[in-house]
Amino acid sequence: MALIGTGVLAIWNGIAPNGTNSGAEADFLAWHMREHIPERVAVPGFLRGRRYVAADGHPQYFNFYEADTADVFTSPAYLARLNDPTPWTRRVVAHFTDTSRTPCDVAATRGLGEGSWIEAIRLELPNSDRFAAAAERELLPALCAAPGIVAAHLLRGRTETRTVTAETKLRGQPDQLAGWILLVEAVDAAMLRDLRARKLTDAALQALGAQGIERGLYALQFSLSRAELDRAAAST
């Protein structure tokens, strides 16, 4: 399977002021790659972090972390990091907008490797058992059989509780939560757009019981695994 572990922390955010030439955005991009993702991936149980930027959809950035299990996201080691943000974190996070942050369990996953493009879809599922069974049996295999599709994953959000930390307080308002998330990875944006028009339409998802569909197409900017981080530390 393409995902490492059975837990995923899925995060969307924008940066204010908008615009790729803004100082806040440049600061975010540098911080996220140089400090934040390496810091998070170093936490016990974290296995890989990835960041994507929107070709379409909102908010502008989507990133997610893979972990041994979703319990890692409430572990003492991780909460210690959230309650002790660095000065750079404090400066950058103050510019976050439209933040959605959800610890998730991997409900189903198919594929092998990482795609350079991803379709990230937030869903509401009144009959989640029906949708999850159909995804495992039919939807994910059909998606992965399409040209250029690397992998597909269904995530179940842990929306029962919110953890308030020093870092969440920096954002000024509670983070949004996603009930369910469908991720489809591909080698090319055109292949995902074709999939949208055929097998992955809103109507097709609604026929399986999905509601409140929010989707975006995102390009991979940066990926770092725990194995890479460990190798780098060993070589210094």
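Considering only the range 41-71, how many residues are over 10 Å from Gly5 (Cβ atoms) and among the hydrophobic types (A, V, I, L, M, F, W, C)?
Total meeting the criteria: 8.
Checking each residue in the range 116-137 for being within 16 Å of Leu3 (Cα to Cα) and either at pLDDT 95 or above or touching a helix residue (DSSP H, G or I) at 6+ places or on another chain (Cβ under 8 Å) (or both) picks out Ser116, Trp117, Ile118, Glu119, Ala120.
Quick grid of which residues meet (1) farther than 19 Å from Ala108 by Cα; (2) assigned to a loop (DSSP other than H, G, I, E, B); (3) of a type in the set (A, V, I, L, M, F, W, C):
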{"residue": "Ala151", "(1), (2), (3)": "no, no, yes"}
{"residue": "Thr161", "(1), (2), (3)": "yes, yes, no"}
{"residue": "Val184", "(1), (2), (3)": "no, no, yes"}
{"residue": "Ala190", "(1), (2), (3)": "yes, no, yes"}
{"residue": "Arg193", "(1), (2), (3)": "yes, no, no"}
{"residue": "Arg196", "(1), (2), (3)": "yes, no, no"}
{"residue": "Lys199", "(1), (2), (3)": "no, yes, no"}
{"residue": "Gln206", "(1), (2), (3)": "no, no, no"}
{"residue": "Gly209", "(1), (2), (3)": "no, yes, no"}
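Residues that are over 25 Å from Val53 (Cβ atoms) and of a type in the set (S, T, N, Q) were ranked within the range 196-236; the one that is modelled with the lowest pLDDT is Thr236.
The test for being in contact with a helix residue (DSSP H, G or I) (Cβ under 6 Å, 6 or more places away or on another chain) and modelled with pLDDT of 95 or more does not hold for Gly157. Checking each residue in the range 31-52 for being of a type in the set (A, V, I, L, M), within 15 Å of the chain's Cα centre (by Cα) and over 17 Å from Val93 (Cα atoms) picks out Val41, Leu47.
In this structure, does Asp175 turn out to be free of Cβ contacts under 8 Å to residues at least 24 places away in the same chain, charged (D, E, K, R) and more than 15 Å from Gly111 (Cβ to Cβ)? Here the answer is no, as Asp175 does not meet what is asked.
Residues of the range 163-182 that are of a type in the set (Lys, Arg) and assigned to a helix (DSSP H, G or I): Lys169 alone.
Name the single residue that is surrounded by the fewest Cβ atoms within 10 Å (Cβ to Cβ) among those in the range 212-236 being among the aliphatic types (A, V, I, L, M) and under 15 Å from the mean Cα position of the chain (by Cα).
Filtering first and then ranking leaves Ala219.
Within the range 67-86, is even one residue at pLDDT 95 or above and in a strand (DSSP E or B)? Among the residues of the range 67-86, at least one is at pLDDT 95 or above and in a strand (DSSP E or B), which makes the answer yes. Restricting the range 180-204 to residues that are out of contact with any strand residue (DSSP E or B) (no Cβ under 6 Å at 6 or more places or on another chain) and charged (D, E, K, R), the residue that is surrounded by the fewest Cβ atoms within 10 Å (Cβ to Cβ) is Arg198. Inclusion of Val53 among residues that are within 21 Å of Gly157 (Cα to Cα), modelled with pLDDT of 95 or more and either surrounded by 14 or more Cβ atoms within 10 Å (Cβ to Cβ) or out of contact with any Cys (no Cβ under 7 Å at 6 or more places or on another chain) (or both) is not warranted. Here the range 159-178 is the region considered, the condition is being hydroxyl-bearing (Ser, Thr, Tyr) and in contact with a Leu (Cβ under 9 Å, 6 or more places away or on another chain), and the residue that is nearest to Pro103 (Cα to Cα) is Thr159.
The values are calculated or read from the model by the stated rules, or taken from the named source; none is laboratory data. If you're wondering where the values come from, they're calculated on a predicted model, not measured in any experiment. Reconstructed Cβ throughout: ideal geometry from the backbone, glycine too, with neighbour counts over all protein chains shown.
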